[in-house]
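These notes concern the structure reproduced below.
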Amino acid sequence: MSDTGTAEKNRSQAKLLHPDNREHSHSVCWNCEKNVGDEDVCPSCVRVQPFGPERDYYSILGLPVRLALDPRLLVAAYHEKSRTFHPDHHVEDSEKEQSITLGNASLVNLAFRTLRDPFLRAHYFIGHVKGKPARPNRKAVLSSTALMEIMDLKEERDSLLSSQGPAAAEQRLRTVIDPIERDIFHSFEEIDALIESADKEGDTLSKALDILSERLEKRSYLQNLLKEVKEAS
């Protein structure tokens with residue numbers, strides 16, 4: 001990638017990591033046509049506003065774009081948004097506003113379900129920062145070396161299943177999965193620290209994201225092996 005392309009990519013990432021710097025996804029109230037920015041409720045006519053297409057899960061819940069999120073902060077943000085868009089609070093509203101409310105409530109629930117799971121959150125975060133649609137359940141792609149390691153582990157798992165049973169097979173898989181999950185959470189800390197530093201606009205962040213992505217993909221394969229053990233129990 002050229003220096004110009006790299007600089008543009010870094011500026012885009014910086015903007016995505018700091019939602020306050022982004023352009024408003026909608027700016028005019030659908031009801032009174034006053035400027036509203038990204039407010040959930042128009043300050044002039046107090047009508048609920050639809051989430052614009054540029055509103056990501058973090059901004060929908062009013063949370064910082066980070067990998068490590070305080071669960072209490074996440075739950076509190078979810079409850080606050082849920083109250084704003086709860087159908088019981090809008091039974092007297094027009095059909096249009098009720099439709100907007102239901103659409104927003106659905107997105108709030110989806111955002112919460114994604115961000116409360118650390119591994120789904122990590123997949124979403126990577127896609128968001130890279131400016132690509134996040135696909136939390138996408139099929140993972142690993143290097144040939146990593147795939148060979150997993151194939152060897154699968155054979156070992158199958159042997160343990162037939163000779164010692166599911167408990168032994170699960171215990172063996174956990175000896176591999178647990179360290180990977182620890183590495184993933186270490187990546188959370190490293191990347192969040194980079195976001196707070198000047199390195200967020202360099203190649204350091206991209207490399208750290210690539211490492212996290214690889215760890216997540218490997219965990220996905222291993223979780224499938226573990227799921228098969230539990231189904232065989």
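The values are calculated or read from the model by the stated rules, or taken from the named source; none is laboratory data. Predicted model, so just to flag it, every value in this text is computed and none were measured. Don't worry about glycine lacking a Cβ; one is built from the backbone with ideal geometry, like all the others, and counts go over all protein chains shown.
Scanning segment 72-95 for residues that are more than 14 Å from Val41 (Cα to Cα) and modelled with pLDDT under 95 returns Pro87, Asp88, Val91, Glu92, Ser94, Glu95. Report yes if some residue within segment 153-171 is surrounded by 12 or more Cβ atoms within 10 Å (Cβ to Cβ) and at pLDDT below 90; otherwise report no. No, segment 153-171 contains no residue that is surrounded by 12 or more Cβ atoms within 10 Å (Cβ to Cβ) and at pLDDT below 90. I'd like the full set of residues that are crowded, with 18+ Cβ neighbours inside 10 Å, of a type in the set (A, V, I, L, M, F, W, C) and either in contact (Cβ under 8 Å) with a residue 40 or more places away in the chain or not assigned by TED's automatic domain parsing to the domain that holds Lys96 (or both), limited to segment 33-58. Scanning segment 33-58 gives Val48, Phe51.
The helices (runs of 4 or more DSSP H) falling completely within segment 65-175 that include 3 or more residues that are farther than 28 Å from Pro50 by Cα and touching a residue at least 60 places away in the same chain (Cβ under 8 Å) map to 144-163.
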